Amino acid sequence: MHKNLTTDVVIIGAGVSGCSIAYQLRKAGVDVIVVEREEIAAEASSAAAGLLSPAGVLTGPADGANLYLAGWSIILDTIAEIVRVSGIDVECRQVGGLHVFTDENERAHLERYAEVWRTQGSEATWLADDQLQQEEPLLNAHYTTALSVPLATSIRPRLVTQAYAESARALGAHIYEHTEVTGFQWHKQSITGVETANGETIHCGRVVIATGAWSSQLTEQLGFTLPVFPSRGQILALQQPEQPLQHTIFGKGLYLVPKVDQTIYIGATREHVGFDKSNTAGGIAWLLSTAISLVPTLEQAAIAKIWTGLRPMSEDGFPILGYAPNWENIILATGHGAGGFELSALTGRTIADLITTGQLTPVIQPFGLARFNKPTTSIEEI
């Protein structure tokens, strides 16, 4: 990188949100530089399970359900687009999902979930007894009812992020990895430059903060606090048994996602332990024991990998999208929790629209930082 650069927009963070925004901005003809202190998809964007099926949020507050439905309506087409542009196979596979009925308290939730899917024209049907066992023979026969959602899709998160990044580069974006932001230059209420640890200054018209769980550390330099914190998710991969699991299974607070490489991703814990990325005996034991209770044959499965990611959670579980307070040209795109990939296409388009038109797309209007200054309804993590 040169010592002094000039661009329309600096995006800080090369996770899935930052790379998606860069791609959409370049499609609109906006000059973009992305800076990343580590490498593309270094944190949550490589640690995620890669599951596209917006479950819990669809039965929460209406604004949140609308946000996820809008995201879902464009994500698969957007993934197909970036695969074409980048040439990267992101291992996108429509595996279908089975939401297993394991507790009487789940009935109302699953019925509402099915209703929302059907109103969108998507299939959601109840399977029971022999029909369920025929659909997924590996499921524990103790569970006799499940909601089938055929559109549930598996992706490889790191590859999707790289596909967004390479598509943005193909259109002229510059992405600088191993480039940490150390400070800002400003005049009145506008950022005029972004300073890096390498001694460069990038002069710019706007700044987008898309640094995930680390966003609040960055905004402290700018005089405001973001209610974004890390939520540790421990996750593991098992080798597929000889008779493979065919569907994504949801139940007992976890998910099992079959992958193209003949593994099954099982996740994830939800722990508020700061930036500690340790795997713990208790966390892994819970994942394994719960997965085996749903699919008993997994007791004999070989462990392929164990890892941890830090979700960027906001206080109400929904992303923070829009302008930062008291600044004219800082835009926030963070706090997506476990929904970064499902919302990635929508995040990219709406933030690009905000930058190019000055207008907030109605679906993201409820998700500005200002909402935390008034009473909100919390939701469970998804």
Given Cβ charges of +1 for Lys and Arg and -1 for Asp and Glu, the option among Thr144, Leu51, Val35 whose Cα lies farthest towards the positive end of the dipole of the chain is Val35
Which chymotrypsin sites (Phe, Trp or Tyr not before Pro) in the range 242-306 pass both tests, a DSSP loop state and at most 15 other beta-carbon atoms within 10 Å?
Phe275
When His203, His247, His99 are ranked with the fewest other C-beta atoms within 10 Å first, the list becomes His203, His247, His99
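Between Ala370 and His187, what length comes free when the chain is fully extended (0.36 nm per residue of separation minus the Cα-Cα distance, one decimal in nm)? Before the final figure, lay out each step's value.
Details: separation 183, 0.36 × 183 = 65.88 nm, distance 2.34 nm.
The span from Ala370 to His187 would gain 63.5 nm if fully extended.
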Looking at the chain, what % of its DSSP beta bridges pair antiparallel, to the nearest 5?
70
Please give the Cα centre distance for the range 149-228 versus the range 264-292, rounded to the nearest Å.
28
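So which trypsin sites (Lys or Arg not before Pro) in the range 136-236 end up in coil per DSSP with only 13 or fewer other C-beta atoms within 10 Å? Intermediate values should be presented prior to the final figure.
Values: sites: Arg158, Arg169, Lys188, Arg206, Arg232; in loops: Lys188.
Answer in residue order: Lys188.
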Given the chain, report the % of alpha carbon pairs whose separation exceeds 40 Å.
14
Can you give the charge dipole size of the range 87-190 about its Cα centre, rounded to the nearest 20 debye, using +1 on the beta carbon of Lys and Arg and -1 on the beta carbon of Asp and Glu?
660
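For the chain, with only Lys/Arg (+1) and Asp/Glu (-1) charged at the beta-carbon, what is the dipole magnitude about the Cα centre, in debye rounded to 20? Mind showing how you got there, number by number?
On the way: 24 positive and 39 negative charges, 146 e Å.
Value, rounded to 20: 700 debye.
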Kirkwood hydrodynamic radius of the range 97-226, Cα pairs, Å
19.8
What GluC sites (Glu not before Pro) does the range 12-112 have in DSSP loop regions with at most 11 other beta carbons within 10 Å?
none
Between Glu135 and Gln359, what's the calculated FRET efficiency when r is the beta-carbon distance and R0 is 45 Å? Round to 0.05.
0.50
7 Å from Cα along Cα→Cβ at both Glu180 and Ala302: what's the point-to-point distance in nm?
3.9
Under 14 Å from Lys305, Cα to Cα: aspartates and glutamates that are on another chain or at least 8 residues apart
Asp261
Cα→Cβ-extended label distance, 7 Å offset, between Ala28 and Asn198, nm
2.7
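With a Förster radius of 22 Å, plug the Cβ-Cβ distance of Asn66 and Glu123 into 1/(1 + (r/R0)^6) and report the FRET value to the nearest 0.05.
Numbers: r = 20 Å, r/R0 = 0.93.
Efficiency, rounded to the nearest 0.05: 0.60.
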When the chain is modelled as a GNM with alpha-carbon springs shorter than 10 Å, which of Gln94, Gln359, Gln120 fluctuates the most?
Gln120
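Glu38 to Gln246: FRET efficiency via 1/(1 + (r/R0)^6), r the Cβ-Cβ distance, R0 41 Å, to the nearest 0.05?
Values: r = 36 Å, r/R0 = 0.87.
Given R0 = 41 Å and the Cβ-Cβ separation, E is 0.70.
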Say each of Arg112 and Ser73 gets a label point 7 Å from the Cα, pointing the same way as Cα to Cβ; how far apart are those two points in nm?
2.1
Acute angle (nearest 10 degrees) that the helix 16-27 long axis makes with the longest principal axis of the chain, alpha-carbon atoms:
60
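Only the coordinates and a few stated rules stand behind these numbers; no lab work does. None of the values given here were measured: they were computed from a predicted structure. Here the Cβ is made from the backbone with ideal geometry for all residues, glycine too, and neighbour counts use every protein chain on show.
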